[in-house]
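These notes are about the structure you will find just below.
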Amino acid sequence: MEPGFVPFDLQRMFLGDYPPLFYAEIAFRVVVIYGYTLLLIRWIGGRGVAQLSMVEFLLVIALGSAVGDAMFYDDVPLLVAMMVITVVVLINKALDKAIVHSQTAEALIDGRPVRVVRDGELVREGMLRRDIGEDEIKAILRGAGVSNLGQVEDAFLEINGTASVFRFDKPRPGLAIVPPADVIPAEGSAETGRERDGLTCCTTCGHVAPAASALPDSDCANCGKGDWTAPSLPPVPETLSEI
């Protein structure tokens, strides 16, 4: 702290040590940088704005720093900031073109969709590839209107972070994910509470197995966990004739 520093000095806090005309310069800087950045964003096009892939997320961070500094730091020349913004946008544009014209580049830069549910069971390999846990997948499925894993034939995490969910025409017995287990825990450990119609269901991944082979303490063949509950029947979707 500098000698003579006065805490809560309102003039220093609000006005600083700049001459009044500098605030007009700030307004001018904001107009120039904002307008120039807007023109470049328009040039990038819809893909760069509609999706926040890894490349676009990096673009937002880089532009935020370059744009913000030039708006109010008096020692940052406008042309220097504009050059930084231009180079960042050019790199982003080059990556966009590489993604469009090369599947290899697309896989390296944006990644690939991964399957996270198959036949009513969570797919461990897909979750490991995206470094995402079971609870997060279940939350994503609930957001897509899924109440039971037995409804889901396939689910994929797309490269932009959205989920594509494909349902069975006729749901199967599976793991209920509504309400979340943190809200209402699974049924108790009594054998009758862990099987239904001769089947039991892994509380972690939804794997359905014959109760006689899994209970009382076998590990799940899909995820390796050993907690079981009774599978439940998902609601049957309405048909057009019933609506």
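The values are calculated or read from the model by the stated rules, or taken from the named source; none is laboratory data. The shown structure was predicted, so the numbers you read here are calculated from the model rather than taken from an experiment. Here the Cβ positions follow ideal geometry from the backbone for every residue, glycine too, while neighbour counts run over all protein chains shown.
Against the condition at pLDDT 90 or above and part of a strand (DSSP E or B), how does V117 come out, does it pass?
yes
Only one of these conditions is not met by A139: (1) over 28 Å from A230 (Cα atoms); (2) touching a residue at least 40 places away in the same chain (Cβ under 8 Å); (3) out of contact with any strand residue (DSSP E or B) (no Cβ under 8 Å at 6 or more places or on another chain). Which number is it?
Only one criterion in (1) over 28 Å from A230 (Cα atoms); (2) touching a residue at least 40 places away in the same chain (Cβ under 8 Å); (3) out of contact with any strand residue (DSSP E or B) (no Cβ under 8 Å at 6 or more places or on another chain) is unmet by A139, namely (1).
Do you know which residues across segment 62-114 are at pLDDT 80 or above and not in a helix (DSSP H, G or I)?
S102, R112, P113, V114
Taking only segment 208-222 into account, find how many residues are buried (at least 20 other Cβ atoms within 10 Å of the Cβ) and in contact with a helix residue (DSSP H, G or I) (Cβ under 9 Å, 6 or more places away or on another chain).
Summing the residues that are buried (at least 20 other Cβ atoms within 10 Å of the Cβ) and in contact with a helix residue (DSSP H, G or I) (Cβ under 9 Å, 6 or more places away or on another chain) in segment 208-222 gives 3.
Of the numbered conditions (1) touching a helix residue (DSSP H, G or I) at 6+ places or on another chain (Cβ under 8 Å); (2) outside the structural domain of T200 (by TED's automatic domain parsing), K97 satisfies every one except a single condition; which is it?
(1)
State whether one or more residues within segment 151-174 are under 17 Å from K225 (Cα atoms), in the same structural domain as S232 (by TED's automatic domain parsing) and under 23 Å from the mean Cα position of the chain (by Cα).
no
Suppose the filter is closer than 23 Å to G161 by Cβ, surrounded by 18 or more Cβ atoms within 10 Å (Cβ to Cβ) and of a type outside the set (D, E); does I137 pass it?
In short, yes.
Would you tally the residues in segment 210-235 being out of contact with any strand residue (DSSP E or B) (no Cβ under 6 Å at 6 or more places or on another chain) and not in a loop (DSSP other than H, G, I, E, B)?
So the count comes out to 3.
Among what's in segment 107-132 and is of a type in the set (D, E) and touching a residue at least 12 places away in the same chain (Cβ under 8 Å), pick the residue that is nearest to L39 (Cα to Cα).
Among those that are of a type in the set (D, E) and touching a residue at least 12 places away in the same chain (Cβ under 8 Å), it is D110.
Spot the failing condition for G145; the list is (1) at pLDDT below 90; (2) out of contact with any helix residue (DSSP H, G or I) (no Cβ under 8 Å at 6 or more places or on another chain), and only one is missed.
For G145, the exception is condition (1).
Residue by residue through segment 120-150, note down the ones that are among the acidic types (D, E), more than 11 Å from the chain's Cα centre (by Cα) and assigned to a helix (DSSP H, G or I).
Residues satisfying the conditions are E125, E134, D135.
Out of curiosity, is V165 out of contact with any helix residue (DSSP H, G or I) (no Cβ under 8 Å at 6 or more places or on another chain) and crowded, with 17+ Cβ neighbours inside 10 Å?
In short, no.
Suppose we filter segment 173-197 for residues that are more than 20 Å from G143 (Cα to Cα), assigned to a loop (DSSP other than H, G, I, E, B) and either modelled with pLDDT of 90 or more or among the polar types (S, T, N, Q) (or both); how many remain?
Within segment 173-197, residues that are more than 20 Å from G143 (Cα to Cα), assigned to a loop (DSSP other than H, G, I, E, B) and either modelled with pLDDT of 90 or more or among the polar types (S, T, N, Q) (or both) number 2.
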